[in-house]
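S.K.: The structure's right below; bear with me while I get my questions together.
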């Protein structure tokens with residue numbers, strides 16, 4: 001059997017051209033008064049945090065980076081970016097002092113945390129830079145209307161150690177056909193903001209919208225984008241609204257996940273394949289084994305319903321995806337060799353993250369962010 005020489009068993013390719021295309025589109029669509037903040041949490045949605053930040057930071061439109069944790073924010077800071085870096089979910093509070101000393105901005109959504117931040121900032125001799133999060137209807141994190149007076153008094157009390165940089169919220173639903181609730185949330189945000197200004201607070205940045213809200217940035221000074229940066233629409237309804245507002249255009253998926261064929265086998269009719277005998281060959285079949293499994297982030301739920309791209313054709317996954325291996329049917333694809341590349345996820349039809357997400361009844365962000373961080377990311 002012919003074998004090809006190869007080095008990596010699996011790797012991620014990050015497309016420079018796609019990143020720059022998406023950033024150029026975002027620059028054109030965001031509006032002249034709205035800054036562009038890139039969301040690079042969850043290892044940049046599986047694309048590689050360092051790789052995406054290095055690619056995006058020189059672009060003239062990029063004004064902010066948003067992470068989830070302090071740990072991620074410090075990794076971005078260590079790359080020497082000129083843009084501010086803000087942690088949206090700073091739950092790893094053991095890194096609070098280091099984050100303060102490194103100038104990381106972060107979100108505050110409760111009074112107890114504000115008191116803690118003020119104390120640590122005073123002891124470190126720095127002034128914390130905070131974005132205050134308001135709960136306008138997501139009912140997750142954020143301050144309620146009844147808490148606004150108390151938080152205003154707390155900011156005035158801690159003015160020397162805590163600076164209010166931004167006011168923010170997050171929309172609960174921007175993907176459906178009816179987005180009336182998103183408009184309700186934006187109205188509440190404006191109402192709450194007007195109250196805080198009336199009692200003496202001020203801030204520089206105002207941000208509610210993310211990728212799906214590009215047509216509705218309102219009075220925002222900043223928009224947070226993740227999904228669009230990585231090349232996907234949140235939904236068909238969101239795509240339609242955006243294209244109605246800005247004209248026809250497309251995002252380009254940035255990530256391609258590749259592996260290689262490691263083994264071939266042939267099975268006769270009636271032979272079962274994989275754990276649990278979940279697939280039984282209906283005819284004589286040629287199978288290929290790929291050294292990827294659910295421990296790498298290729299979901300077990302793709303068993304008997306997923307497919308991979310091999311030499312321009314889709315090869316269905318047969319049998320259960322195991323921890324480190326999956327099996328595909330290559331009966332209709334001749335002249336394959338051990339070492340040939342396969343595409344597990346990428347811009348090709350049938351293996352796009354949104355298509356795979358439909359198979360699992362989830363969202364493409366879920367599919368992308370599952371990919372094991374230690375798999376090499378290669379910028380191409």
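The values are calculated or read from the model by the stated rules, or taken from the named source; none is laboratory data. Predicted model only: the values in this text are computed from it and were never measured. Note that each Cβ is placed from the backbone with ideal geometry, even for glycine, and that neighbours are counted across all protein chains shown.
S.K.: Scan region 357-375 and report the pairs whose first residue is outside the structural domain of residue 226 (by TED's automatic domain parsing) and closer than 14 Å to residue 11 by Cα and whose second residue is surrounded by 15 or more Cβ atoms within 10 Å (Cβ to Cβ) and at pLDDT below 95, with Cβ atoms within less than 7 Å and a gap of 6+ or a chain change.
M.R.: Pairs found: none.
S.K.: Can we say residue 27 is within 30 Å of residue 346 (Cα to Cα), free of Cβ contacts under 8 Å to residues at least 60 places away in the same chain, assigned to a helix (DSSP H, G or I) and in contact with a strand residue (DSSP E or B) (Cβ under 8 Å, 6 or more places away or on another chain)?
M.R.: On the way: within 30 Å of residue 346 (Cα to Cα): yes; free of Cβ contacts under 8 Å to residues at least 60 places away in the same chain: yes; assigned to a helix (DSSP H, G or I): yes; in contact with a strand residue (DSSP E or B) (Cβ under 8 Å, 6 or more places away or on another chain): yes.
For residue 27, the condition - within 30 Å of residue 346 (Cα to Cα), free of Cβ contacts under 8 Å to residues at least 60 places away in the same chain, assigned to a helix (DSSP H, G or I) and in contact with a strand residue (DSSP E or B) (Cβ under 8 Å, 6 or more places away or on another chain) - is met.
S.K.: Looking only at region 299-344, which residues are in a loop (DSSP other than H, G, I, E, B) and under 17 Å from residue 277 (Cβ atoms)?
M.R.: Hits for region 299-344 are 303, 304, 305, 318, 319, 320, 321, 322, 325.
S.K.: Just checking, does region 89-96 include any residue being closer than 27 Å to residue 214 by Cβ, touching a strand residue (DSSP E or B) at 6+ places or on another chain (Cβ under 9 Å) and either touching a residue at least 12 places away in the same chain (Cβ under 8 Å) or not assigned by TED's automatic domain parsing to the domain that holds residue 126 (or both)? Break it down stepwise before answering.
M.R.: Here is the first cut: in region 89-96, the ones closer than 27 Å to residue 214 by Cβ are 89-90.
Going one step further and asking which of them are touching a strand residue (DSSP E or B) at 6+ places or on another chain (Cβ under 9 Å), we end up with 89-90.
Add one more test, that the residue is either touching a residue at least 12 places away in the same chain (Cβ under 8 Å) or not assigned by TED's automatic domain parsing to the domain that holds residue 126 (or both), and what stays is 89-90.
Yes, some residue in region 89-96 is closer than 27 Å to residue 214 by Cβ, touching a strand residue (DSSP E or B) at 6+ places or on another chain (Cβ under 9 Å) and either touching a residue at least 12 places away in the same chain (Cβ under 8 Å) or not assigned by TED's automatic domain parsing to the domain that holds residue 126 (or both).
S.K.: Now for a different question. If I ask for residues that are at pLDDT 95 or above, in contact with a helix residue (DSSP H, G or I) (Cβ under 6 Å, 6 or more places away or on another chain) and surrounded by 20 or more Cβ atoms within 10 Å (Cβ to Cβ), which ones from region 197-211 would you list?
M.R.: None - no residue of region 197-211 is at pLDDT 95 or above, in contact with a helix residue (DSSP H, G or I) (Cβ under 6 Å, 6 or more places away or on another chain) and surrounded by 20 or more Cβ atoms within 10 Å (Cβ to Cβ), so the list stays empty.
S.K.: Being over 22 Å from residue 14 (Cβ atoms), free of Cβ contacts under 8 Å to residues at least 40 places away in the same chain and touching a helix residue (DSSP H, G or I) at 6+ places or on another chain (Cβ under 9 Å) is the filter; apply it to region 322-354 and report the residue that is surrounded by the most Cβ atoms within 10 Å (Cβ to Cβ).
M.R.: Restricting to residues being over 22 Å from residue 14 (Cβ atoms), free of Cβ contacts under 8 Å to residues at least 40 places away in the same chain and touching a helix residue (DSSP H, G or I) at 6+ places or on another chain (Cβ under 9 Å), the top hit is 326.
S.K.: So which of 229, 255, 214, 222 is more than 21 Å from residue 342 (Cα to Cα), within 15 Å of the chain's Cα centre (by Cα) and buried (at least 22 other Cβ atoms within 10 Å of the Cβ)? Spell out the reasoning first.
M.R.: Values: 255 fails: more than 21 Å from residue 342 (Cα to Cα); 214 fails: within 15 Å of the chain's Cα centre (by Cα); 222 fails: within 15 Å of the chain's Cα centre (by Cα).
Exactly one residue qualifies, and that residue is 229.
S.K.: Could you tell me whether any residue of region 200-220 is assigned to a loop (DSSP other than H, G, I, E, B) and over 30 Å from residue 149 (Cα atoms)? Write out each step before concluding.
M.R.: From region 200-220, those assigned to a loop (DSSP other than H, G, I, E, B) are 200-204, 208-210, 217-220; that's our starting set.
Narrowing the set further to residues that are over 30 Å from residue 149 (Cα atoms) leaves none.
No: region 200-220 contains no residue that is assigned to a loop (DSSP other than H, G, I, E, B) and over 30 Å from residue 149 (Cα atoms).
S.K.: Quick check on my filter: what residues within region 245-290 are at pLDDT below 95 and in contact with a helix residue (DSSP H, G or I) (Cβ under 8 Å, 6 or more places away or on another chain)?
M.R.: 245, 246, 249
S.K.: Among the residues in region 62-72, are any closer than 15 Å to residue 126 by Cβ and either in contact (Cβ under 8 Å) with a residue 40 or more places away in the chain or crowded, with 20+ Cβ neighbours inside 10 Å (or both)?
M.R.: Of all residues in region 62-72, those closer than 15 Å to residue 126 by Cβ come to 70.
Now narrow it down to the ones that are either in contact (Cβ under 8 Å) with a residue 40 or more places away in the chain or crowded, with 20+ Cβ neighbours inside 10 Å (or both): 70.
Within region 62-72, one or more residues are closer than 15 Å to residue 126 by Cβ and either in contact (Cβ under 8 Å) with a residue 40 or more places away in the chain or crowded, with 20+ Cβ neighbours inside 10 Å (or both).
S.K.: Answer yes or no: is there a residue in region 189-199 that is part of a strand (DSSP E or B) and touching a strand residue (DSSP E or B) at 6+ places or on another chain (Cβ under 7 Å).
M.R.: First, the residues of region 189-199 that are part of a strand (DSSP E or B): none.
No, region 189-199 contains no residue that is part of a strand (DSSP E or B) and touching a strand residue (DSSP E or B) at 6+ places or on another chain (Cβ under 7 Å).
S.K.: While we're looking at this one, here's another question. Sort out which residues of region 340-355 are more than 12 Å from residue 309 (Cβ to Cβ) and at pLDDT 95 or above, and write them in order of number. Step through it out loud before you land on a result.
M.R.: Of all residues in region 340-355, those more than 12 Å from residue 309 (Cβ to Cβ) come to 353-354.
Matches in region 340-355: 353 only.
Matching residues to (1) in contact with a helix residue (DSSP H, G or I) (Cβ under 9 Å, 6 or more places away or on another chain); (2) in a loop (DSSP other than H, G, I, E, B); (3) touching a residue at least 40 places away in the same chain (Cβ under 8 Å):
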residue	(1), (2), (3)
98	yes, no, no
107	no, no, yes
116	yes, no, no
121	yes, no, yes
126	yes, yes, no
131	no, no, yes
137	yes, yes, yes
147	yes, no, no
